[in-house]
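*Asks:* Below is a structure I'd like to ask you about.
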Amino acid sequence: MVSVLWIVIGVVVFSAAISAIGSDNLGEYIWYLWITFMPSKAARNVKRLREVQREAIAVSTERSNTSSQDEFSKWAKLNRKVDKLRGEIEKLNAAISTQRAFFKTQIRRVIWISTTGMKIFVRIKYRKVAVFWLPKGMFPGWIEWMLSLTSAPRGSVSVSAWFMITDYAIKGAVVFAITKTAEMAGAKRKTPVPAANVSEKKTGPEKKGTPNEGKTK
């Protein structure tokens with residue numbers, strides 16, 4: 001059986017990862033995977049939208065190359081087709097937007113349940129459980145009392161206190177990692193690129209003076 005200590009760490013690490021990624025970014029990524037790999041109505045609408053957009057571009061190009069005076073009948077037919085395709089594109093965009101908004105709402109609910117909801121559940125379920133015991137006499141009585149809040153035995157660390165300690169430590173580690181990564185990336189960008197060495201042709205040893213130098217008159 002997994003101990004409460006590791007359950008709390010797992011929940012906090014998962015919540016920190018979601019927070020670092022961002023719920024909106026995660027929702028967009030899951031939505032992309034959903035419409036790419038799952039045979040859903042939304043995926044069919046997206047596929048149809050791409051087909052109609054390509055067809056609309058082709059028909060619009062053909063209409064632009066058709067004279068409205070010399071080939072009015074053909075031009076009018078193409079114009080009606082373009083209008084029809086544009087109407088279908090608008091309907092598909094509206095349908096996809098509605099499906100996307102609903103999908104992302106469900107994703108946000110799942111994220112809330114698996115992070116905040118899970119924290120609340122663990123706190124309530126294990127509120128009277130000692131996550132681990134403190135060495136006897138190591139801390140003053142008031143510290144032992146605070147660490148046992150809200151309902152854990154005196155002298156132990158409660159699940160609420162362990163959540164706070166773990167959350168603080170994990171967030172500090174994440175901030176440290178992000179800061180160091182940003183500093184390394186900034187230092188890499190500031191590193192000057194060495195200029196290419198251009199070899200100069202030497203015409204031989206430099207001659208000092210002139211041929212007549214040293215001759216006496």
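*Asks:* Top to bottom by accessible area (1.4 Å), largest first, where do Ser40, Ser114 land?
*Replies:* Ser114, Ser40
*Asks:* Could I ask something else about it? Leaving out ligands, DNA and RNA but keeping every protein chain, what accessible area does Leu134 have, in Å² rounded to the nearest 10, with a 1.4 Å probe?
*Replies:* Using a 1.4 Å probe on the heavy atoms, I get roughly 30 Å².
*Asks:* Contour minus end-to-end for Ala76 and Arg44, with contour as 0.36 nm per residue of separation and end-to-end as the Cα-Cα distance?
*Replies:* 8.5 nm
*Asks:* What accessible area per residue comes out for segment 35-137, rounded to a whole number of Å², with a 1.4 Å probe?
*Replies:* Each residue of segment 35-137 exposes 73 Å² on average to a 1.4 Å probe.
*Asks:* According to a simple spin-label model (label point 7 Å from Cα along Cα-to-Cβ), what is the distance in nm between Leu5 and Arg127?
*Replies:* 2.4 nm
*Asks:* Still on this model: Can you tell me the FRET efficiency between Ile89 and Ser23 if r is taken as the Cβ-Cβ distance and R0 is 45 Å, rounded to the nearest 0.05?
*Replies:* 0.90
*Asks:* Another question, then. So how much slack lies between Trp142 and Tyr168, counting 0.36 nm per residue of separation and subtracting their Cα-Cα distance, in nm?
*Replies:* 7.3 nm
The values are calculated or read from the model by the stated rules, or taken from the named source; none is laboratory data. For clarity, every value in this text was computed on a predicted model and none was experimentally measured. Here the Cβ is made from the backbone with ideal geometry for all residues, glycine too, and neighbour counts use every protein chain on show. The accessibility values were calculated without ligands, DNA or RNA, using every heavy atom of the protein model including side chains. Shrake-Rupley method; radii C 1.70, N 1.55, O 1.52, S 1.80 Å.
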